[in-house]
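Let me begin by presenting the structure, written as structure tokens, before commenting on it.
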Amino acid sequence: MPSSGTHVLPFLDRRVAETIRTQGLIERGQKVLVAVSGGPDSVALLLLLHRLAEAWRLSLTVVHCHYGLRGSESDGDARFVRDLCVRLSVPFILRHLDTTRRPGMSSSLQSRARDQRYRLFKDLAREIGAERVALGHTADDQAETVLLRMLRGAGLRGLAGMPRVREHMFVRPLLNRTRQDLLRYLESQGQAYRVDSSNAKNLYARNRVRHEVLPGLRRMLPGAVQILARQAQILREDDAVLERLVVDLWPRLLEAETVDRLLFNRRALRDQPLALQRRLLRLAIGRLHPARLTPPFHLVDTILSYLATSRAGATWQWKGLAIRCEQTTLGLCLDRPNRAQGSNAAPRPAPESVVVDCLPWTGCWPATGEMISMRSLSREEGQALLDHGTPDSALLDGERCSMPLAVRAWRTGDWFCPVGMKGRRKKLQDYFTDAKLSRSLRGRVPLIVSAAGIVWVAGYRVDQRFCATRLSARFLHISLKRSQ
């Protein structure tokens, strides 16, 4: 690698430069936006890129995000990064971000901050003409990500961790370097850095993994971080191969495709290995959905379990999509406003109730984003669950709950016979009052209703008349799950 003058670049400079070159992360002559928080990882990233800038003709600009969550400490971070940029003669951009939760936003402060950061980086890159956005994630961050996703039951793609390149714009040049490598580098350069006090608090799952899980793994195996990071890279390469297989399979399984509809050959899809079935269905849902959302595992698993049977006619609904399994096809349809109303017509409101006329069924309750799943159980399956009830599931007598069922919100005059009240009727309004449920929340509670009345106030109480017993011959199991 070319060097400036007779200076010999230190070990880490050479290694990072080699990673950037061999992985094609940054090309010579490009403009790079560098995200710098003031912590050791991002400060080391800035110094390393600054050392390369002259020889590689790089144009660097630094952006610092100020959330204002730590008062004077956040102000000190901003001043530190600004002063560092002045010393290095690198342009500095400060942006204040508001992480206040608004409707439709994640309940996680860290998720909201991350989403805002990436939106800001994209906008700034376009504004200043930067071809790359450099992020300071390290092998330690990768190891933490892999462990967190492992504990959440992620599949191959999740366990592959963070990619070196995202969306052809975001690059992570330090992903194969440990945090300890960077701390030693900063010490050798006599470079100070900031320490985020919130990182020392075990309020977040990532911090607990960082301070409790990883140190324990290092005591067992000193190279645990590097091993986890290497495993993530291997899994990412395996994931890419499977993804190419799915893309190649797509035209052979697809029978029809329009802007808002996909139709697959059921038998051809069912003949594929389960791993490819799962990927193809997730790809189809993500491709059809306007927001390119990824469906939750339990929805995909429910559909594929049904696909493996000889049954037909089941429908699942999720976030504006309807998936229906017929005898010979699996169809996905996007629920769009009626085109006859014109392209400027307002979207149709969510239906007052959703009719369920065939089991199994899975749908999303739009008021809360919760997933509702219904399925029939055999006598043996139902008997095994009788003593294992939870507030988020209902085990009902399948013969008393006549089809079709409906999922709807509370209406004036609704009543039911709550379990434990010996068959006495109670107005739902009074039940909500006793449960101290505010008026604003009452309309968000999904009710499961048959022709004979409310069978379950979902998440609260089953109706005594429909409750499964030891004498039940058929069972209906309904569960409520927060959508991811």
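Restricting to region 307-334, what's the tally of residues that are open to solvent by less than 10 Å² (accessible area, probe 1.4 Å) and modelled with pLDDT of 90 or more?
5
Just checking, which of Asp181, Asp238 is buried (at least 18 other Cβ atoms within 10 Å of the Cβ) and among the acidic types (Asp, Glu)? Working first, answer last.
Working: Asp238 fails: buried (at least 18 other Cβ atoms within 10 Å of the Cβ).
After applying the criteria, what remains is Asp181.
Within region 148-156, identify whether any single residue is more than 16 Å from Gly223 (Cα to Cα) and surrounded by 21 or more Cβ atoms within 10 Å (Cβ to Cβ), and answer yes or no. Reasoning before the result, please.
Looking only at region 148-156, we keep the residues that are more than 16 Å from Gly223 (Cα to Cα), and these are 148-156.
Narrowing the set further to residues that are surrounded by 21 or more Cβ atoms within 10 Å (Cβ to Cβ) leaves none.
Checking region 148-156: not a single residue is more than 16 Å from Gly223 (Cα to Cα) and surrounded by 21 or more Cβ atoms within 10 Å (Cβ to Cβ).
Please go through region 40-63 and give me each residue that is in a loop (DSSP other than H, G, I, E, B) and touching a helix residue (DSSP H, G or I) at 6+ places or on another chain (Cβ under 8 Å), ordered by number. Please lay out each step first, then the result.
Narrowing region 40-63 to residues in a loop (DSSP other than H, G, I, E, B): 57-58.
Listed by number, the list holds a single entry, Leu58.
Within region 157-172, track down each residue that is open to solvent by less than 20 Å² (accessible area, probe 1.4 Å), touching a residue at least 24 places away in the same chain (Cβ under 8 Å), out of contact with any Ser or Thr (no Cβ under 6 Å at 6 or more places or on another chain) and not hydrophobic (A, V, I, L, M, F, W, C).
Pass one, region 157-172, residues open to solvent by less than 20 Å² (accessible area, probe 1.4 Å): 158, 160-161, 170-172.
Retained after the next criterion (residues that are touching a residue at least 24 places away in the same chain (Cβ under 8 Å)): 160-161, 170-172.
Filter once more, keeping what is out of contact with any Ser or Thr (no Cβ under 6 Å at 6 or more places or on another chain): 160, 170-172.
Residue satisfying the conditions is Arg172 alone.
Yes or no, residue by residue, for (1) open to solvent by less than 10 Å² (accessible area, probe 1.4 Å); (2) modelled with pLDDT of 95 or more; (3) assigned to a strand (DSSP E or B); (4) among the charged types (D, E, K, R):
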| residue | (1), (2), (3), (4) |
| --- | --- |
| Ile93 | no, yes, yes, no |
| Asp98 | no, no, no, yes |
| Arg102 | no, no, no, yes |
| Gln110 | no, no, no, no |
| Gln116 | no, no, no, no |
| Arg119 | no, no, no, yes |
| Lys122 | no, no, no, yes |
| Arg126 | no, no, no, yes |
| Val133 | yes, yes, yes, no |
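Take region 335-367 and flag every residue that is in a loop (DSSP other than H, G, I, E, B), touching a strand residue (DSSP E or B) at 6+ places or on another chain (Cβ under 9 Å) and modelled with pLDDT under 75. It would help to see each step written out before you state the result.
Start the filter on region 335-367 by keeping residues that are in a loop (DSSP other than H, G, I, E, B), which leaves 335-338, 342-352, 357-360, 366-367.
Adding the requirement that they be touching a strand residue (DSSP E or B) at 6+ places or on another chain (Cβ under 9 Å) leaves 335, 351-352, 357-360.
Scanning region 335-367 gives Asp335, Pro351, Glu352.
Being among the small types (Gly, Ala, Ser), open to solvent by 70 Å² or more (accessible area, probe 1.4 Å) and either part of a helix (DSSP H, G or I) or modelled with pLDDT under 95 (or both) is the requirement here; does Gly5 meet it?
Details: among the small types (Gly, Ala, Ser): yes; open to solvent by 70 Å² or more (accessible area, probe 1.4 Å): no; either part of a helix (DSSP H, G or I) or modelled with pLDDT under 95 (or both): yes.
Considered against the rule, which asks whether it is among the small types (Gly, Ala, Ser), open to solvent by 70 Å² or more (accessible area, probe 1.4 Å) and either part of a helix (DSSP H, G or I) or modelled with pLDDT under 95 (or both), Gly5 comes out as no.
Go through Asp387, Asp397, Asp434 for me and flag whichever is more than 29 Å from the chain's Cα centre (by Cα), at pLDDT 90 or above and not hydrophobic (A, V, I, L, M, F, W, C).
None of the others qualify; the one that does is Asp397.
Take the residues of region 54-76 that are aliphatic (A, V, I, L, M) and modelled with pLDDT under 95: which is farthest from Glu27 (Cα to Cα)?
Leu69
Taking the residues in region 253-282 that are open to solvent by 40 Å² or more (accessible area, probe 1.4 Å) and of a type in the set (A, V, I, L, M) as candidates, determine which candidate is nearest to Ala240 (Cα to Cα).
Of everything passing the filter in region 253-282, Ala275 is nearest to Ala240 (Cα to Cα).
Considering only residues of region 405-425 that are open to solvent by 70 Å² or more (accessible area, probe 1.4 Å), touching a residue at least 12 places away in the same chain (Cβ under 8 Å) and not in a strand (DSSP E or B), which is farthest from Glu370 (Cα to Cα)? Break it down stepwise before answering.
Narrowing region 405-425 to residues open to solvent by 70 Å² or more (accessible area, probe 1.4 Å): 411-412, 415, 422, 424-425.
Then keep just the ones that are touching a residue at least 12 places away in the same chain (Cβ under 8 Å); that gives 412, 415, 422.
When the remaining residues are screened for being not in a strand (DSSP E or B), the result is 412, 422.
Numbers: Thr412: 23, Lys422: 30 Å.
Taking the candidates together, the pick is Lys422.
If we scan region 430-441, do we find a residue that is assigned to a strand (DSSP E or B) and surrounded by 13 or more Cβ atoms within 10 Å (Cβ to Cβ)? Spell out the reasoning first.
So in region 430-441, the residues assigned to a strand (DSSP E or B) come out as none.
No, every residue in region 430-441 fails to be assigned to a strand (DSSP E or B) and surrounded by 13 or more Cβ atoms within 10 Å (Cβ to Cβ).
Search region 469-482 for residues that are open to solvent by less than 100 Å² (accessible area, probe 1.4 Å) and pair each with any residue that is among the charged types (D, E, K, R) and assigned to a loop (DSSP other than H, G, I, E, B) when their beta-carbon atoms are under 6 Å apart and the residues are at least 6 apart or on different chains.
Leu480/Asp392
Which of the residues belonging to region 43-75 are touching a residue at least 40 places away in the same chain (Cβ under 8 Å), open to solvent by 10 Å² or more (accessible area, probe 1.4 Å) and within 19 Å of Ala113 (Cβ to Cβ)?
If the condition is that a residue be touching a residue at least 40 places away in the same chain (Cβ under 8 Å), open to solvent by 10 Å² or more (accessible area, probe 1.4 Å) and within 19 Å of Ala113 (Cβ to Cβ), then Cys65, Tyr67, Leu69, Arg70, Glu73 are the ones that fit.
Of all residues in region 373-384, count the ones that are under 28 Å from Trp318 (Cα atoms) and either open to solvent by 30 Å² or more (accessible area, probe 1.4 Å) or over 33 Å from the mean Cα position of the chain (by Cα) (or both). Step through it out loud before you land on a result.
Residues of region 373-384 under 28 Å from Trp318 (Cα atoms): 373-378, 381-382.
When the remaining residues are screened for being either open to solvent by 30 Å² or more (accessible area, probe 1.4 Å) or over 33 Å from the mean Cα position of the chain (by Cα) (or both), the result is 375-376, 378, 381.
Going through region 373-384 one residue at a time, the tally reaches 4.
It is to be established whether one or more residues within region 376-387 are in contact with a strand residue (DSSP E or B) (Cβ under 9 Å, 6 or more places away or on another chain) and farther than 14 Å from Thr469 by Cα.
Yes.
Could you check how many residues of region 232-291 are over 20 Å from the mean Cα position of the chain (by Cα), of a type in the set (Lys, Arg) and closer than 30 Å to Leu148 by Cα?
1
The values are calculated or read from the model by the stated rules, or taken from the named source; none is laboratory data. Keep in mind that this is a model prediction, so the values were computed, not measured. FYI the Cβ positions are ideal-geometry reconstructions off the backbone, even for glycines, and counts take in every protein chain you see. For accessibility, only protein heavy atoms count, side chains too; no ligands or nucleic acids. Shrake-Rupley method; radii C 1.70, N 1.55, O 1.52, S 1.80 Å.
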